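Working notes, structure below.
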Amino acid sequence: MPEVLLIKSDFDRFSIWQEAFVDFDIQLRPWESPGQLDEVAYTLVWQPESGVMATMPNLKVIFSIGAGLDHLKPAGCVPEGIPVVRMVEEQLTAGMVEFVLFHVLRYHRFMDVYERNRKEGDWSEILQVSAADRRVGILGLGELGGNAAQALTGLGFSVHGWSRTEKSVPKVKSYFGQDQLPSFLNVTDILVCLLPLTDATYDIINADTLASLPEGAFFINAGRGGQVDEDALLEALDSGRLNGAALDVFKTEPLPRTSKIWDHPKVYLTPHIASMTTPASSSRHVINNIKRYRAGEPLTHQADLNRAY
Ligand code: OXD
């Protein structure tokens, strides 16, 4: 019986995945044509429908195509006892670091203001601020947040991070736990959210947390839309508590056309593209783990779905 890896991806063509696995002894099939379900040994998925993987009697490991795991959390999505591996791959990390650097630099160098001024024919110059005087706070210091923090310190920014437990990233002050969240926010000029979505992080950006930021701060969200109370965010933008927000993720995606966020002048909006998994490099992570599974070795980056990371 062939060992099948079943793939469910939103935007890559199946042939690209086939190319990425061409030298590995596994049969790839697209989600829409799974063939015999007892041949499916592994799945590599984004937002699989609940209940479907439970119909695969010989399923051994589930690989998430995305870094986040919330898409696997709906009840009945992951069958009991099947290990889940999250996506950790260099291109996904590199893409996220680029996204964060782009937006931090855009705010840091007042490009948002110059974009607005241009429309008014306004030639005003704004005094430059040194990176060391710009305090960037990163919510979530895992694989993505930790790498973004390091890239920012490399550019001379003053960087601090907040996470559930204490983290150690060179030159980055670590705040941790609910108690330290307000102190972290108090010293954050540019807030970057790269948290996983869990019960504890749902609506973590709300009227209270936004009020803990210095007046005129900026917010960059490449975590999850579920982490933001969108009404509170709009209010903070209108009151000036926030000077701008770069939003890549939303509670409902695609963002409904009726949302005020679309046309808000202080919002830079992108359609959940901060970073994407690349078949060529992510296949190495999947192949390595399938080899480990076959050899009876522990998987790398096995996830704890209760924590969603
Ligand atoms: C991810 C994402 O989880 O694209 O990787 O949001």
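Values in this text are rule-based calculations from the coordinates and carry no lab data. Fair warning: this is a prediction, and the values are worked out from it, not measured in the lab. Note that we place each Cβ from the backbone using ideal geometry, even for glycine, and neighbour counts take in every protein chain shown.
Some values worked out for this structure:
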{"item": "Gain in span if fully extended, Glu253 to Glu215, counting 0.36 nm per residue against the direct Cα distance", "result": "10.7 nm"}
{"item": "Alpha carbon centroid spacing (whole Å) that separates segment 187-203 from segment 1-60", "result": "33"}
{"item": "Length-normalised contact order for the chain - Cα pairs under 8 Å, 6+ apart - percent", "result": "17"}
{"item": "Share of Cα-Cα pairs in segment 163-309 lying beyond 23 Å, as whole percent", "result": "46"}
{"item": "Fluctuation leader among Pro265, Pro298, Pro30 - the chain, Gaussian network, Cα springs under 10 angstrom", "result": "Pro298"}
{"item": "222 nm mean residue ellipticity, helices alone, for the chain (DSSP H n ≥ 4; -39,500 (n - 2.57); rounded to 500)", "result": "-8000 deg cm²/dmol"}
{"item": "Point-to-point label distance, Gln180-Val129, nm (Cα→Cβ direction, 7 Å offset)", "result": "2.4"}
{"item": "Contour minus Cα-Cα distance for Asp263 and Ala207 (0.36 nm per residue)", "result": "18.0 nm"}
{"item": "Charged-residue dipole, Cβ positions (Lys, Arg, Asp, Glu), segment 1-155 about Cα centre, Debye nearest 20", "result": "560"}
{"item": "Candidates Glu230, Glu32, Glu120, ranked by Gaussian network fluctuation over the chain, Cα under 10 Å, top entry", "result": "Glu120"}
{"item": "Label point 7 Å beyond Cα of Ala94 along Cβ direction - residues of segment 279-302 with amide nitrogen under 20 Å", "result": "279-288"}
{"item": "Where N is the number of residues in segment 200-245, Cα Rg divided by 2.2 N^0.38 Å", "result": "1.02"}
{"item": "Alpha-carbon Debye profile of segment 1-80, log10 I(q)/I(0) at 0.15, 0.18, 0.23, 0.27 Å⁻¹", "result": "-0.49, -0.71, -1.15, -1.48"}
{"item": "Taking only Cα atoms of the chain, radius of gyration then Dmax in Å", "result": "21.0, 70"}
{"item": "Model label zone, Glu3; criterion: amide N under 15 Å from point 7 Å along Cα-to-beta-carbon; scope segment 270-309", "result": "284-300"}
{"item": "Antiparallel bridges, percent of DSSP beta bridges restricted to the chain (to nearest 5)", "result": "5"}
{"item": "Segment 75-164 - convex hull of alpha carbons, volume per residue in Å³", "result": "151"}
{"item": "Convex hull of Cα atoms in segment 129-218, direction-averaged projection (nm²)", "result": "5.5"}
{"item": "Trypsin sites (Lys or Arg not before Pro) restricted to DSSP loop in segment 5-93 with at most 14 other C-beta within 10 Å", "result": "Arg13"}
{"item": "For the chain, size of Cβ-based charge dipole, Lys and Arg +1, Asp and Glu -1, in debye", "result": "500"}
